Amino acid sequence: MIDSSRGFTIERLLDATPEQIWNAWTDADDAARWWHPVGMTTPRDTVTIDAKKGGRYAYTMVDDASGEEYPTGGVYREVVPQERLVFTWGEPGADPDDTPVVTVAIAPAGDLTRLTFDLRGVDGMAGDDSFYDGWASALDELVTHLGQSAVHG
């Protein structure tokens, strides 16, 4: 079992609709454009998404400089369209009970939309050049993909 006391949360306020943000997380074409930190790409042919409870997703990030590949995947535990996604995050095929868990919450915030990303099961903090910084960079890629400017929450 993962240690859910370990983890971190990142928020972004976006000038995008909940539907646009939801599609970016659940549509394979959209996800391929941003599901990676800066300096990496995610080839579209590596992305599969079955966004339903018990469904699986997988993608492979490729380091632009070295060509090193990072296969990633997991299982959806909760899917509430345009509001909430909960999924395991690790190597494809890993035991879901021993894999970190991501919760993505999408909520209206006046004229903006709040995206709350929470990762449990690993430590992370700004400047760690690891989990936190990787996801913060990927969320910045999401902002760019949406053609928006984020107001860091």
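The values are calculated or read from the model by the stated rules, or taken from the named source; none is laboratory data. These numbers come from a predicted model, not from an experiment. In this analysis, Cβ positions are derived from the backbone assuming ideal geometry, glycine residues included, and neighbour counts consider all displayed protein chains. These accessible areas exclude ligands, DNA and RNA; they are computed on the full protein's heavy atoms, side chains included. Shrake-Rupley method; radii C 1.70, N 1.55, O 1.52, S 1.80 Å.
Can you say whether GLY90 is under 30 Å from GLY127 (Cβ atoms) and either open to solvent by less than 60 Å² (accessible area, probe 1.4 Å) or modelled with pLDDT of 95 or more (or both), as far as the supplied structure shows? Even if it seems obvious, please write down each step before you answer.
Numbers: under 30 Å from GLY127 (Cβ atoms): yes; either open to solvent by less than 60 Å² (accessible area, probe 1.4 Å) or modelled with pLDDT of 95 or more (or both): yes.
So GLY90 fits the description; yes.
Return the pairs, sorted by first residue and then second, in which the second residue is open to solvent by 40 Å² or more (accessible area, probe 1.4 Å) and in a strand (DSSP E or B), the first residue lies in the stretch 87-104 and is in contact (Cβ under 8 Å) with a residue 60 or more places away in the chain and at negative phi, the beta carbons are less than 6 Å apart, and the residues are 6+ apart or on different chains. Short answer, once both residue conditions are applied: VAL101/ARG120.
Consider the stretch 93-112. How many of its residues are open to solvent by 70 Å² or more (accessible area, probe 1.4 Å) and closer than 25 Å to ALA16 by Cα? Total meeting the criteria: 3. Scanning the stretch 123-153 for residues that are crowded, with 18+ Cβ neighbours inside 10 Å, at pLDDT 90 or above and among the hydrophobic types (A, V, I, L, M, F, W, C) yields PHE131, TRP135, ALA136, ALA138, LEU139, LEU142, VAL143, LEU146.
Within the stretch 49-60, if we keep just the residues that are in contact (Cβ under 8 Å) with a residue 24 or more places away in the chain and open to solvent by less than 30 Å² (accessible area, probe 1.4 Å), the residue that is farthest from GLU141 (Cα to Cα) turns out to be GLY55.
Summed over the stretch 78-102, the residues that are of a type outside the set (D, E, K, R), farther than 16 Å from ALA51 by Cα and within 15 Å of the chain's Cα centre (by Cα) give a count of 3. In the condition set (1) among the small types (Gly, Ala, Ser); (2) closer than 21 Å to LEU146 by Cα; (3) at pLDDT 95 or above; (4) surrounded by 20 or more Cβ atoms within 10 Å (Cβ to Cβ), ALA16 is compliant with all but (3).
From the list THR113, THR42, which one is over 23 Å from ASP15 (Cα atoms) and of a type outside the set (Phe, Trp, Tyr)? Walk me through how you get there before you give the answer.
On the way: THR113 fails: over 23 Å from ASP15 (Cα atoms).
Answer to the check: THR42.
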